[in-house]
Amino acid sequence: MISFGFWNLIIVIVVALVLKNNWRLDDEKADWKNSLFLKSSVIQQLIKFFRQPIVNFLVQAGVVLVVTRLLCYTGWLIYLLNQPNPPLWDFQWYYVASKLAHQHLSPFHVEIFNQSFCTLTKVCGFIPPFVYPPNIIPLIWFLGYFSINTAFTIWIGMHILAIALALWGANILLESKSLALRTICTISVALIYGLVRDLQVGNVAIFIAVLILWMFILARKHQDIPAGVCLGLALCKPTLAALFVLYFLLKRRFSLVFVSVVTVTSLVFLGLALTGNSLTQFLSDADRGFSLWLNDPSVSPYISITRLDLMVVGPRLFPKNPFVAKLLSDLIVLILVGLVGWYWYLQQSLTAWSKKIYLAEMVLVSCLSIAINYSQQTSSVMLIPAVVFLLNDLLYQIRNCTFSRKRMSVWLVGVCSLAVQTAVIHDWLIGSLANHWNVKAGELPYIMKVTIFALPSYAILAITVSILVLAISSLRQKQVIKFEPLNRVSN
């Protein structure tokens with residue numbers, strides 16, 4: 001029998017060969033030949049350091065091993081999830097809701113959902129209620145036609161397809177044709193923890209992120225009807241998509257918003273009809289279910305270690321003073337929204353209130369979507385555009401500007417904050433440390449709550465602020481380049 005170590009070696013060799021064949025700057029190298037950024041003494045020293053044989057080898061080996069581990073882990077995960085009794089986690093909620101809809105019963109009714117969950121999954125006791133809006137029902141309707149294991153296998157296949165579309169979309173937005181930079185972009189996006197975590201638990205976050213990503217791609221090409229449909233479908237998880245409706249209203253892309261509203265409204269009433277609900281009955285059930293859902297330890301801002309949003313910052317810092325805790329979180333969110341609004345105003349005033357869609361705006365709205373609303377680890381897939389933005393910003397600096405320590409410091413803060421949203425922090429650090437305490441009982445030490453276990457939330461804030469600073473400074477640089485095209489920009 002061939003051992004797994006043998007196959008691991010084969011995968012390492014294949015990954016190394018693929019990366020070697022795709023590690024070419026192509027035309028980008030010629031474009032950078034006269035770059036003042038690359039001629040900086042600091043950058044030259046870095047280039048000299050990384051060109052040392054031993055350093056070069058270690059970097060290449062590190063990249064190969066990271067990619068190999070990611071592929072092996074994903075392969076084993078897919079294999080384990082398709083065993084007779086796979087860990088279904090979040091998927092179970094969608095499956096039970098679909099089965100109930102097939103019986104013309106309401107998954108939004110707490111007792112009905114709880115009883116059916118126990119019957120279908122054999123998991124009984126207190127079950128967090130189904131708190132999604134009714135427009136999700138038509139989208140998960142097909143699950144009810146299959147057994148739970150068959151439905152889950154299909155669900156996993158859909159996730160793999162969604163991940164492929166996410167990687168493809170990120171490469172479309174990257175402002176470089178270089179194979180090396182496209183490889184870097186693909187690897188960086190794939191390392192975001194939300195992609196693997198979403199595959200682990202079977203959540204819908206990856207589908208929402210892909211719909212948002214392709215909505216943006218289509219909207220930039222002024223294909224408002226398909227973009228509006230994508231946004232309408234994405235609103236099945238409104239915490240991640242609702243802000244984009246406001247954004248497109250402010251951009252005066254009314255046809256896109258109209259199509260999205262028609263799409264989501266149609267799905268809402270279809271979902272209500274399929275579950276035998278009236279709108280008033282749904283609102284009553286949803287209100288009761290939401291109140292119970294807030295008591296779940298994975299949701300509580302005082303206990304949960306899986307939440308990313310900024311609304312948990314106050315409760316972690318001031319667990320014994322709810323008023324001050326909420327006030328602090330709200331103040332952070334208010335300031336952040338105000339700064340993003342200020343950037344949007346500057347961008348629009350410089351472009352004569354154009355309807356054109358800009359990547360920086362889309363990235364900031366994505367960041368706000370997981371910063372100001374309830375969001376968990378799977379929601380970090382919304383940071384895919386942030387990866388592309390940081391790569392594009394670096395490319396812009398190399399092509400057009402001189403080296404700036406301040407700007408590169410901000411850029412590195414963004415990169416390091418994105419690194420926090422990888423399995424290294426979420427699984428290997430937070431996950432392993434959490435095993436030492438009874439998290440659901442709230443036994444975590446205070447110092448741990450406000451430091452290590454709060455890292456993902458702090459990282460979301462740092463990513464948003466760093467991208468905001470880079471976007472605002474880019475506006476100023478582009479203005480200088482516009483009026484002084486013969487000079488390089490020094491910040």
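Below are the figures for this structure:
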item	result
Mean projected area in nm² (Cα convex hull; one quarter of hull surface) for the range 182-327	12.0 nm²
Ratio of the Cα radius of gyration of the range 22-71 to 2.2 N^0.38 Å, where N counts its residues	1.42
10 Å-binned pair-distance histogram of the range 191-244 (Cα, whole percent)	26, 47, 23, 3
Positive-end extreme of charge dipole, the chain - chosen from 377, 470, 147 (charges on Cβ)	470
Assigned charges on the beta-carbon of Lys, Arg, Asp, Glu; the range 5-84 dipole about Cα centre (debye)	260 debye
When each of 320/449; 326/449; 99/440 is checked by Cα-Cα distance, pairs over 19 Å	99/440
Accessible area per residue, Å², the range 217-271 with all protein chains present, probe 1.4 Å	44 Å²
Accessible surface of the range 205-261, 1.4 Å probe, proportion on carbon and sulfur as whole %	78 percent
Percentage of interatomic Cα-Cα distances in the chain larger than 36 Å	34 percent
Electrostatic dipole magnitude of the chain [Cβ: Lys, Arg +1; Asp, Glu -1; Cα centre; debye, to 20]	1520 debye
At 1.567 mPa s and 4 °C, Stokes diffusion of the range 237-297 via Kirkwood alpha-carbon radius, µm² per second	95 µm²/s
The range 53-168, accessible area per residue, ligands and nucleic acids excluded (1.4 Å, Å²)	50 Å²
Subset of 20/177; 177/237; 20/48 violating a 24 Å alpha-carbon distance limit	177/237
With every protein chain in place, the range 377-417: carbon and sulfur % of accessible area (1.4 Å)	69 percent
Protein accessible area in the range 299-369, 1.4 Å probe - carbon and sulfur %	77 percent
Average accessible area per residue (Å²) across the range 346-447 - probe 1.4 Å, nucleic acids and ligands excluded	39 Å²
Two-decimal Rg/Rh across the range 330-408, once Rg and the Kirkwood Rh are taken from alpha-carbon atoms	1.01
Ordering of 322-334, 431-443, 161-173 by packing [mean C-beta count within 10 Å, highest first]	161-173, 322-334, 431-443
Options 302, 292, 350, ranked by Cα towards positive dipole end of the range 289-419, top entry (Cβ charges)	350
Descending principal axes extents, the range 357-487, alpha-carbon based, whole Å	63, 29, 21
Average projection area in nm² (convex hull over Cα atoms of the range 5-140, one quarter of hull surface)	15.3 nm²
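The values are calculated or read from the model by the stated rules, or taken from the named source; none is laboratory data. Model, not experiment: these values are computed from the prediction. Cβ sites come from the backbone with ideal geometry, for glycine too, and all protein chains shown count toward neighbours. With ligands, DNA and RNA removed, areas are computed over all heavy atoms of the protein, side chains included. Shrake-Rupley method; radii C 1.70, N 1.55, O 1.52, S 1.80 Å.
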